[in-house]
1. Pairs, please: C-beta under 6 Å, at least 6 apart or cross-chain, first residue surrounded by 14 or more Cβ atoms within 10 Å (Cβ to Cβ) and in segment 200-216, second polar (S, T, N, Q)?
2. As an exercise: evaluate Pro174 against (1) open to solvent by 20 Å² or more (accessible area, probe 1.4 Å); (2) in contact (Cβ under 8 Å) with a residue 60 or more places away in the chain; (3) touching a helix residue (DSSP H, G or I) at 6+ places or on another chain (Cβ under 8 Å); (4) under 22 Å from Lys30 (Cβ atoms) and give the number of the one condition it does not meet.
3. Looking at this structure, is Asp92 farther than 18 Å from Leu141 by Cβ, at pLDDT below 95 and of a type in the set (D, E, K, R)?
4. How do the strands (runs of 3 or more DSSP E) wholly within segment 126-236 filter down when requiring 1 or more residues that are under 20 Å from Asp70 (Cα atoms) and out of contact with any Lys or Arg (no Cβ under 7 Å at 6 or more places or on another chain): which remain?
5. Could you list, in sequence order, the residues of segment 126-144 that are among the hydrophobic types (A, V, I, L, M, F, W, C) and crowded, with 23+ Cβ neighbours inside 10 Å?
Amino acid sequence: PSIIDFGAESINTCGGLVLSGANANGFGKKMQGAGFDKRFNWGEYNAWESDFKDNAFAGGNDLNYVDNTDMVFYTGHANGDGFVFCDSTHTDTFLHYNDARWGNQDLEWLVIAACGPLQNTSSGLAWWQRWGPSFDGLHLLMGYATTSYDGASEGRTLAEYMLGKPLFFWTLPPLPVRSAWVNTAIEAQPASVTWSVMGVYGAGGVSNYNDYFWTKGPVGPDLRGGSIWGYWKISG
């Protein structure tokens, strides 16, 4: 893409969290420092459900925000059915899986750094029944499958692993987006927390499992509609 950009949103003290704002800011600073364009970084009551909500069928505005961006990092509160916002004036305060169709414009990678969006079952539905329809070109959905804990480091660490993490005397080469999230989650959360990554696959097993962030390595195709044959998820 000619413009490579990112976004971040967080709820912090308005949701009883004290570190989420720093978490989102850490992601933004690393991405911007590496030369990528910041589309938005909104926290507290400036983080809106409508930014994530599909414009075509759910009355949202993702066309101009989340789905007008290559990668988005959200941190705050979530459960198996969606994630939370403090603002109630731009639709409601909960992005439900039924509200989402991501990737039909631009979004490739979405992180929900919050409790349990990718738990195996919720509201009587399996993970793929809930989140599968939200993949409309989206490559990867990353988050947790259990309770997770408020922290300030996930965003920064994720960006470092994706873009090339500085170590003592050298720089670790960029990791695939999936691996970057797995390493981040293992470092940032206690062993009781289960990380998870979800994606789709198509004909011949084609998928985005090994996607790198733009300019860091190969990126698989956008899969949507009849090109999606099924769903995969890894957790640990």
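The values are calculated or read from the model by the stated rules, or taken from the named source; none is laboratory data. Please read these numbers as outputs of a predicted model, since none were measured by experiment. Using ideal geometry, Cβ is built from the backbone for each residue, glycine included, and neighbour counts are taken over all protein chains shown. Note: areas computed on protein heavy atoms with side chains; ligands, DNA, RNA excluded. Shrake-Rupley method; radii C 1.70, N 1.55, O 1.52, S 1.80 Å.
1. Listed pairs, sorted by first residue: Tyr201/Ser207; Gly202/Ser227.
2. Going through the list (1) open to solvent by 20 Å² or more (accessible area, probe 1.4 Å); (2) in contact (Cβ under 8 Å) with a residue 60 or more places away in the chain; (3) touching a helix residue (DSSP H, G or I) at 6+ places or on another chain (Cβ under 8 Å); (4) under 22 Å from Lys30 (Cβ atoms), Pro174 breaks only (2).
3. yes
4. Details: elements: 140-144, 195-201, 230-235.
In segment 126-236, the matching strands (runs of 3 or more DSSP E) lie at 140-144, 195-201.
5. Trp131, Phe135, Leu138, Leu140, Leu141, Met142
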